[in-house]
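For reference, the structure discussed in these notes is given below.
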Amino acid sequence: MKNTRIPLFWGIHAQPGPLFARTLSCIPFIIAVALYGHFSAERLRVNSEDKILPSFSQMAKATYSMAFTKDRRTDDYLLRKDTVASLKRIVIGVSVAAVVGLWLGINMGVFRGMGAVFGAFFIFVSIIPPLAVLPILFMTFGVDELAKIMLIIIGGALAITRSMYLEVSKIPREQIIKACTLGASQMAIVYRIILPQMLPRLIDTIRIVLGASWLFLIAAEAMASTEGLGYRIYLMQRHFAMDVIIPYVLWLTFLGFVFDRALRWVLETFFRWYCETK
């Protein structure tokens, strides 16, 4: 009799269990850490002053200094100061971009006249790399907070607007016609029928846009800033301080992961119907 056992790992029909899947997901991280430790030890054995691949102890010491030792010039903990500055910019920028993108995208998708006027324009403008207009933003808004936040808003709002516009366009027109037949006003259709359907899609779009938003933030902080995670990374680059740069990059990655998991939790908690349809 032919064996019909479902494989746990290999093959297109493999179905690893939850515990086994988590174990498998740890393997690449373990390999990466082991390889880094090996090559770092080899470089430091040849040259104890090597700065390219610092040891884990060196990075731990530098991280402790940045996080728990006050800077003499600012009398503040640099890691906390940089994190707060960057988080403030990213949260404000992405929040404003989400509101603007959601409002524009829904209205362009529902009102076809508005979509005909602005649809092609927003699709065209969204292709322009936001980093290309960064010098223009600095010249227009100065080099303070507004220019950095505006870069995140412009880059995020364009992408969100385009995504919401396309998502609303996929809603069956019969749904809107039935609502009109039952006496719903235009505003009721937009904000009581279309908006609830778009909120989980907005969250999914924000999860995608966040990656680019971090890129915009780091680029803006690197060019003109006195605090922030991006500023610190580029400042340390001048001194080849990889023992600071690598932990900062990992910290940025962790923050991005936390944001993504938090948004995913919101989806699974408040929009379970949406998650079940995916």
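The values are calculated or read from the model by the stated rules, or taken from the named source; none is laboratory data. On a predicted model such as this, the values are computed, not experimentally measured, just so you know. Every residue, glycine as well, gets a Cβ built from its backbone with ideal geometry; the counts of neighbours run over all protein chains shown. Heavy atoms of the whole protein, side chains included, go into the accessibility calculation; ligands, DNA and RNA do not. Shrake-Rupley method; radii C 1.70, N 1.55, O 1.52, S 1.80 Å.
Of all residues in region 141-154, those satisfying the criterion of being open to solvent by 30 Å² or more (accessible area, probe 1.4 Å) and at pLDDT 85 or above are PHE141, GLU145, LEU146, MET150, ILE154. If the condition is being hydroxyl-bearing (Ser, Thr, Tyr) and open to solvent by 100 Å² or more (accessible area, probe 1.4 Å), then region 60-78 contributes only TYR64. Looking only at residues in region 165-196 that are crowded, with 17+ Cβ neighbours inside 10 Å and of a type outside the set (A, V, I, L, M, F, W, C), the one that is nearest to GLU145 (Cα to Cα) is TYR165.
Restricting the search to helices (runs of 4 or more DSSP H) fully inside region 202-278 and requiring at least 1 residues that are in contact with a Phe, Trp or Tyr (Cβ under 9 Å, 6 or more places away or on another chain) and not acidic (Asp, Glu) gives 229-237, 242-270. Consider region 13-39 and keep the residues that are of a type in the set (S, T, N, Q) and either outside any loop (DSSP other than H, G, I, E, B) or open to solvent by less than 80 Å² (accessible area, probe 1.4 Å) (or both). The one that is farthest from LEU53 (Cα to Cα) is THR23. Has region 123-140 got any residue that is in contact with an Asp or Glu (Cβ under 9 Å, 6 or more places away or on another chain) and either over 21 Å from LYS170 (Cβ atoms) or open to solvent by 50 Å² or more (accessible area, probe 1.4 Å) (or both)? Looking through region 123-140, none of the residues is in contact with an Asp or Glu (Cβ under 9 Å, 6 or more places away or on another chain) and either over 21 Å from LYS170 (Cβ atoms) or open to solvent by 50 Å² or more (accessible area, probe 1.4 Å) (or both).
Within region 40-59, the set of residues being surrounded by 13 or more Cβ atoms within 10 Å (Cβ to Cβ) and touching a residue at least 24 places away in the same chain (Cβ under 8 Å) comprises LYS51, LEU53, PRO54, GLN58, MET59. Taken together, the residues in region 221-278 that are open to solvent by less than 100 Å² (accessible area, probe 1.4 Å) and polar (S, T, N, Q) amount to 3. Looking only at region 167-199, residues that are part of a helix (DSSP H, G or I) and either in contact with a Ser or Thr (Cβ under 6 Å, 6 or more places away or on another chain) or of a type in the set (A, V, I, L, M) (or both) come to 13 in all. Looking at region 102-116, is at least one residue within 28 Å of TRP251 (Cβ to Cβ), at pLDDT 85 or above and open to solvent by less than 30 Å² (accessible area, probe 1.4 Å)? Within region 102-116, none of the residues are within 28 Å of TRP251 (Cβ to Cβ), at pLDDT 85 or above and open to solvent by less than 30 Å² (accessible area, probe 1.4 Å). Are there any pairs, at least 6 apart or on different chains, whose C-beta atoms fall under 6 Å, with the first in region 68-93 and in contact (Cβ under 8 Å) with a residue 24 or more places away in the chain and under 12 Å from LYS148 (Cα atoms) and the second outside any helix (DSSP H, G or I) and open to solvent by less than 40 Å² (accessible area, probe 1.4 Å), and if so, which? Listed by first residue and then by second, the contacts come to ALA85/GLY228; SER86/GLY228. In summary, ALA222 fulfils each of the numbered conditions (1) of a type in the set (A, V, I, L, M, F, W, C); (2) more than 23 Å from the chain's Cα centre (by Cα); (3) modelled with pLDDT under 90; (4) over 19 Å from ARG162 (Cα atoms) with the single exception of condition (2).
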